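Only one structure is covered here, and it is reproduced in the block below.
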Amino acid sequence: MMPPQQRRSIEFASEIKVAVIGSNRSTYYAKHWLALSGNPPAGDIEDCNIIITDGLLTEICKESLIKNKVVIRLWDYQVNYKGTGIHASAVSGAASSIGYRDGPGVALPNDIPEKWCGAYGAILTLSEIWRRSAGNTNQEITYDVSAADIMHSFSLQNAGDKDEIFRRWRRNGRICVEHGGIFPMGFFPCQDGFVALLGRSRRDWKNIRAALGNPDWSQNERFNDPFQLAKNSDEADQLLSRTLSKFKRDELLEKGLHYAAVIAPVYNQNEAAERKIFRDNFLICGKPQMPFLVDELNSPFKKAIRPHSSSKTDNNSPLTGLRCIELSWVWSGPMAAQILGDLGAEVIKVESFNRFDLYRTRGLETMRGKMDEKKRLESSIYFHSLNRNKMGLALDLKNPKQLSVLKTLTKSSDILIDNFTVGTMDRLGLGKEELSNLNSSLVQLSMSGPGKGSSVENLRSYGLVLSALSGAEVSITKDDKFIGSPTFSISDPNAAVFAVIAALTAAIRAKKSGVGSVIDFSQIEATATLNGTPSLPKTRTEVILKTKDDFYLAISIPKDNPREEASLEEIFSQLTKDDAIRKCRELGGEAVELVELYESTKNSMFKKCPLHVSVSHPYTGEELIIGAPWRVNGQRQVPSKPAPVLGENNDFIFRSIIGLNDNEIAELEIPE
């Protein structure tokens, strides 16, 4: 095998032409993400196969223009509504969780809502290129993707059930309400700025205390249980802040790495670059590139002939024929695989009975011993909302016989996703050389938090610390002071979205050329790509404010308005909600009311096409989970299956996909 060459883009040759028509921000970013990944749209509307367009340009959907074509309509706000990312933040539950208690919410900055909308436009484009490359060219489909639907889905995916949303999904300054259930979770001041602290287990809290030198107060029995501390943390918050004030950010990062504690400074992009948190060639002239490094494989093409079709997905879906193995847990990796599954890929989620996805017990941690353990492992709404449309395979990868089954499965697969820490796949015997020898057209996507080669590659990675290190959190301010987003998670769903762009781009390339890719993805870099990619020039003045009658409004008016130099808050805070909305319209702008997440599903923005979809799960029965945030011909997609029970599809996969017989299955010694 020739030495691979690392790059930050993945080009493929395709006769499928893409045109981008429109002037809204989302279409601009869709074009940018496709170009940055190596495949800039190059068609015009007459000879293209796929059209990405501003949703408000309704004339694009005339029948004469879209015959046998795919139209992907992107909306900066919501489908069929004029507005911007600040309005999407306001109604989606994002802004309602950022800001000070009893104050106005804070919108995500730097066009983040529109950048996400553009990224989903890129994903749908790539999935349709896959479909049409397979010869299915007669589909006339219209997709609608809105920033509001995307951010609403991100909010709800990790918010829990109705009771938990009402109790915890609120503005609370720099610290999560009740620390998200386990102490600590939020941003704390230190000597020269702020640090993110996150404890999701008793071990995490123990390690944080050790990193801080086990201060005397922390050894008191009252401060031992992070679950109890989260319920009433005022004293612990003060003591922890007092301890942190003795340290600088860099010192805390060093101690966090040494003690495997979840501690990360809040850096800006330049500070992160100076500390080598980003890897080589990530910033070019100060502008972020794609958040991955790629080894393109040049070994002879070796891919097993796939057995008879085993897919349990809709044969009319864009990614029909694509098989993905998922070795992931918690949020980012499972969500990336779920996006592929929503688009029709056959996704096989691999866990073991003694090392399963931790989200199987998310929200049910304190129920251990209080409910049947098997039912507890199958009842988490968090797990169900991130693992629909997948098959479940239980294998102990430390067992050589069971590991060999996974290796056999890779021979007929297109993509393998893991979000383990750096080096884990090698230790399991699934390093890039081994997998490439099994299937040289395989796309191997590793999604560690920092990425291999980062100065913090050994960091214990949770979303909050990754976005803190990336430069994104420091951009979130109120009255020009840092506040961050401790409740609404930026990093995890964002990593999933950019990982899918990488995986699909590489899969299309492999399908055409037989050449696979080893993609080392950094979730820190992904958040920096999102936040640090230069935004389009501002054309509007925008703010979320409190009206005279105590309502919160997100207001946006054109910058060329003669009143734009006056403070919007000064003008509109003296008006009632109805008068403020009327005044905004007179000035050529738009205003929408801030919506708390617990009330969002009743809001008119989401009533017509709700994000919740119904599935029937073997353990929890009929339930509502969060569906895909795009619409197909005006409709929300219904999942083909609920999240898998642990090992649910072992027999089917062993017999129908791999072709094992009874004796071979028995020799694996897998528990029933």
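Assorted remarks:
- In the range 166-188, residue modelled with the lowest pLDDT [restricted to those that are open to solvent by 30 Å² or more (accessible area, probe 1.4 Å) and hydrophobic (A, V, I, L, M, F, W, C)]: F166
- Considering residues of the range 108-132 that are more than 18 Å from the chain's Cα centre (by Cα) and among the hydrophobic types (A, V, I, L, M, F, W, C) only, the residue farthest from I51 (Cα to Cα): W130
- Only one of K538, K512 that is assigned to a helix (DSSP H, G or I) and at pLDDT below 95: K512
- Of the residues making up the range 520-543, those that are open to solvent by 10 Å² or more (accessible area, probe 1.4 Å) and of a type in the set (V, I, T) number 3.
- For the range 414-497, the helices (runs of 4 or more DSSP H) that sit wholly inside it and include 1 or more residues that are open to solvent by less than 10 Å² (accessible area, probe 1.4 Å) are 432-438, 463-470.
- Residue, surrounded by the most Cβ atoms within 10 Å (Cβ to Cβ), within the range 626-663, restricted to residues that are touching a Phe, Trp or Tyr at 6+ places or on another chain (Cβ under 8 Å) and either over 20 Å from Q157 (Cβ atoms) or among the hydrophobic types (A, V, I, L, M, F, W, C) (or both): A643
- Within the range 548-642, strands (runs of 3 or more DSSP E) holding 1 or more residues that are over 23 Å from L108 (Cβ atoms): 612-617, 621-626, 630-632
- Scanning the range 120-158 for residues that are surrounded by fewer than 24 Cβ atoms within 10 Å (Cβ to Cβ), of a type in the set (G, A, S), touching a residue at least 40 places away in the same chain (Cβ under 8 Å) and not in a helix (DSSP H, G or I) gives a single hit, A134.
- Residue in the range 64-76 that is under 30 Å from T137 (Cβ atoms), in contact with a Cys (Cβ under 8 Å, 6 or more places away or on another chain) and at pLDDT below 95 present: yes
- Test result for K607, free of Cβ contacts under 8 Å to residues at least 12 places away in the same chain and either surrounded by fewer than 16 Cβ atoms within 10 Å (Cβ to Cβ) or under 30 Å from T547 (Cα atoms) (or both): yes
- Residue count, the range 342-366 (criterion: in contact with a helix residue (DSSP H, G or I) (Cβ under 9 Å, 6 or more places away or on another chain), part of a loop (DSSP other than H, G, I, E, B) and open to solvent by 10 Å² or more (accessible area, probe 1.4 Å)): 4
- Residue check for T533: hydroxyl-bearing (S, T, Y) and touching a Ser or Thr at 6+ places or on another chain (Cβ under 9 Å): no
- Any hit, the range 192-201, residues being open to solvent by 50 Å² or more (accessible area, probe 1.4 Å), over 17 Å from L469 (Cα atoms) and at pLDDT below 95: yes
The values are calculated or read from the model by the stated rules, or taken from the named source; none is laboratory data. Predicted model, so just to flag it, every value in this text is computed and none were measured. Because the Cβ atoms are built from the backbone with ideal geometry, glycine has one as well, and the counts that use them run over all protein chains shown. Note: accessible area is taken over every heavy atom of the protein model, side chains too, but ligands, DNA and RNA are not part of it. Shrake-Rupley method; radii C 1.70, N 1.55, O 1.52, S 1.80 Å.
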